[in-house]
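I have placed the structure first, in the form of structure tokens, so that the comments after it can refer back to it.
The values are calculated or read from the model by the stated rules, or taken from the named source; none is laboratory data. Bear in mind that the values here come from a model prediction, so they are computed numbers and not experimental data. Cβ sites come from the backbone with ideal geometry, for glycine too, and all protein chains shown count toward neighbours.
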Amino acid sequence: MTELNNLPFFTTNELVTSKNILDTSVKQYAKRKIDDGSLLGLKKGMYVSREYVSGLMPNDLNLYKEFIATVIKQPSYISLEYALGIYQILPEMVASITCVTLSRPYSLNNYFGNYFYRSIKKDLFGGFEIKYFKNSNYYFASKSKALFDHLYYKLPTIPVGKSTNLVEELRLDLTSMKKEDWENLSFWSKKLGSDKFSNLVLNLKGNAYNN
């Protein structure tokens, strides 16, 4: 399995080819290797060797956890609470990673933690930046798009009144939002075409620096 130890992930088919195992016995082989700790399951039919993971430096390991999130379900990008924690818009870091995807909602738990996937329509899928894990790239929501996604899924439960301070209500720290971030948030708001969302953005912008 030497060549597979150099890969950030591999599939059942690659395992069959590498070990010259029959399709009918590869699942049993993978289960034995997971049980003895030499293989780690990422999702059904996708693995990484413990040797590969053990060779990662702490910072690379964090990037790897993010990278794997976007590999488990494609296409997808990291967003919502995890991204907002990274941007310090939410007051606490969130350990589980949530991604936005074009396919159905999905969740799983593996060796690296909890991964959640929220579905979004095609014209709202975007607004991400490219990050890198070694030589592989993956997608991570921009500050404004992570905020948009967070508000988009919460929209039905958010009260928008003239006297409501949604920055306080939603426990957001928006002091890092720059002019271009607000412009990008408005861009996605217009694409959504919701009056309630537009009013929400105005409320946030009006209260962003008053807390």
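If I filter the range 79-100 down to residues being in contact with a helix residue (DSSP H, G or I) (Cβ under 8 Å, 6 or more places away or on another chain) and part of a helix (DSSP H, G or I), which single residue comes out as farthest from Arg118 (Cα to Cα)?
By that ranking, first place goes to Leu84.
Only one residue in Phe140, Phe116 is in contact with a Cys (Cβ under 8 Å, 6 or more places away or on another chain) and in a strand (DSSP E or B), so which one is that?
Phe116
Can you list the helices (runs of 4 or more DSSP H) found entirely within the range 10-78 that contain at least 3 residues being under 23 Å from Phe116 (Cα atoms)?
Once the helices (runs of 4 or more DSSP H) in the range 10-78 are filtered for at least 3 residues that are under 23 Å from Phe116 (Cα atoms), what remains is 58-72.
For the range 101-135, name all the residues that are among the acidic types (Asp, Glu) and touching a strand residue (DSSP E or B) at 6+ places or on another chain (Cβ under 8 Å).
Glu129
Conditions: (1) assigned to a loop (DSSP other than H, G, I, E, B); (2) out of contact with any helix residue (DSSP H, G or I) (no Cβ under 8 Å at 6 or more places or on another chain). Ser107 meets all but one. Number of the miss?
Ser107 satisfies every listed condition except (1).
With Leu80, Leu124, Leu84 as the choices, which residue is within 29 Å of Gly206 (Cβ to Cβ), crowded, with 21+ Cβ neighbours inside 10 Å and in contact with a Phe, Trp or Tyr (Cβ under 8 Å, 6 or more places away or on another chain)?
Every option except Leu80 fails the conditions.
Assuming Met1 fulfils every condition listed in (1) outside any loop (DSSP other than H, G, I, E, B); (2) at pLDDT below 85 apart from one, which condition is it?
(1)
Just to be sure before I move on: is Glu14 surrounded by fewer than 18 Cβ atoms within 10 Å (Cβ to Cβ), closer than 30 Å to Leu174 by Cβ and either outside the structural domain of Leu172 (by TED's automatic domain parsing) or free of Cβ contacts under 8 Å to residues at least 24 places away in the same chain (or both) in the structure I sent?
No; evaluated as a whole, the condition is false for this residue.
Can you tell me which condition Leu90 does not meet? The list is (1) under 24 Å from Asn13 (Cβ atoms); (2) touching a residue at least 24 places away in the same chain (Cβ under 8 Å); (3) in the same structural domain as Ser176 (by TED's automatic domain parsing), and all the others hold.
Single failed check for Leu90: (1).
Which of the residues belonging to the range 170-189 are within 23 Å of Thr157 (Cα to Cα), in a loop (DSSP other than H, G, I, E, B) and not acidic (Asp, Glu)?
Of everything in the range 170-189, those that are within 23 Å of Thr157 (Cα to Cα), in a loop (DSSP other than H, G, I, E, B) and not acidic (Asp, Glu) turn out to be Leu170, Arg171, Leu172, Leu174.
Quickly run through the range 127-137 and pick out the residues that are surrounded by fewer than 16 Cβ atoms within 10 Å (Cβ to Cβ) and outside any strand (DSSP E or B).
Within the range 127-137, Lys134, Asn135 qualify.
Residue-by-condition table, conditions (1) of a type in the set (A, V, I, L, M, F, W, C); (2) over 22 Å from the mean Cα position of the chain (by Cα):
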residue: Leu124; (1), (2): yes, no
residue: Phe133; (1), (2): yes, no
residue: Asp149; (1), (2): no, no
residue: Ile158; (1), (2): yes, yes
residue: Lys162; (1), (2): no, yes
residue: Ser189; (1), (2): no, no
residue: Phe197; (1), (2): yes, yes
residue: Asn203; (1), (2): no, yes
residue: Gly206; (1), (2): no, yes
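When you go through (1) touching a residue at least 40 places away in the same chain (Cβ under 8 Å); (2) closer than 30 Å to Leu39 by Cα one by one for Lys145, which number turns out not to apply?
It fails just one condition, (2).
Criterion first (surrounded by fewer than 19 Cβ atoms within 10 Å (Cβ to Cβ), aliphatic (A, V, I, L, M) and either in contact with a Leu (Cβ under 8 Å, 6 or more places away or on another chain) or not assigned by TED's automatic domain parsing to the domain that holds Leu174 (or both)) does Ile34 satisfy it?
yes
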